[in-house]
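Student: Have a look at this one.
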Amino acid sequence: MEAHAEEFDADEEAIQWVLRDAPQNTPVIKRGLGIVSAIVAIRGVSRGASTHPDPEYRLDRVLNTPRIQGDEMVGMFAVVALQCQCAVQGNRIKIESETLDDIIADLLIASSRIPK
């Protein structure tokens, strides 16, 4: 869908803008937390918006951005923020995975299946 491609391009531009002035080879924890917060907030207000990609897919793309990928603090924050948001919406998601990557993947899949 063309609208989704435009949204992904806008996401990528925004991510690069946030990370642009961060010194190379240094953690981008605060910036990563800000980006994840924005995507989780979007998820809370845009459920069912057909012109935008699913927030879970957007969050997955963010967490796999090279400067953010593998940052455990950012990944754990994403897990907790998404779990809290789902719980507030009345959806408790049981997590049985052991690695952070698997927990994130399972949580994104489960939360994407919640009716919009």
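Student: Return the pair list, or none, for Cβ contacts closer than 9 Å from residues in the range 63-89 that are over 21 Å from Arg20 (Cβ atoms) to residues that are among the charged types (D, E, K, R) and in a helix (DSSP H, G or I), at least 6 apart or on different chains.
Tutor: Final answer for the pair search is Gly75/Asp101; Leu82/Arg43; Leu82/Glu56; Gln85/Arg43.
Student: Take the range 46-57 and flag every residue that is of a type in the set (D, E, K, R) and part of a loop (DSSP other than H, G, I, E, B).
Tutor: Correct list: Arg47, Asp54.
Conditions (1) assigned to a helix (DSSP H, G or I); (2) crowded, with 19+ Cβ neighbours inside 10 Å; (3) among the acidic types (Asp, Glu), marked per residue:
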| residue | (1), (2), (3) |
| --- | --- |
| Ile35 | yes, yes, no |
| Gly44 | yes, no, no |
| Leu59 | yes, yes, no |
| Val62 | yes, yes, no |
| Pro66 | no, no, no |
| Gln69 | no, no, no |
| Met73 | yes, no, no |
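Student: I'd like the residue in the range 15-32 that is outside any loop (DSSP other than H, G, I, E, B) and touching a helix residue (DSSP H, G or I) at 6+ places or on another chain (Cβ under 8 Å) and, out of all such residues, is surrounded by the fewest Cβ atoms within 10 Å (Cβ to Cβ).
Tutor: Among them, the one singled out is Ile29.
Student: Would you check if there is a residue in the range 96-111 being of a type in the set (D, E, K, R), in a loop (DSSP other than H, G, I, E, B) and loosely packed, with under 11 Cβ neighbours inside 10 Å?
Tutor: Yes, the range 96-111 contains a residue that is of a type in the set (D, E, K, R), in a loop (DSSP other than H, G, I, E, B) and loosely packed, with under 11 Cβ neighbours inside 10 Å.
Student: Here's another thing I want to ask about it. Of the residues Ala10, Ala3, Ala81, Ala87, only one is over 14 Å from the mean Cα position of the chain (by Cα), under 14 Å from Ser111 (Cβ atoms), in a helix (DSSP H, G or I) and of a type in the set (A, V, I, L, M); which?
Tutor: None of the other options fit; the residue is Ala87.
Student: Now for a separate question. Does Val45 qualify as being among the aliphatic types (A, V, I, L, M) and under 22 Å from Ala5 (Cα atoms)?
Tutor: yes
Values quoted throughout were computed directly from the atomic coordinates according to the rules given, and no laboratory measurement underlies them. These figures come from a predicted structure and were not determined experimentally. Glycine also receives a Cβ, built like all others from the backbone with ideal geometry; neighbour counts cover every protein chain displayed.
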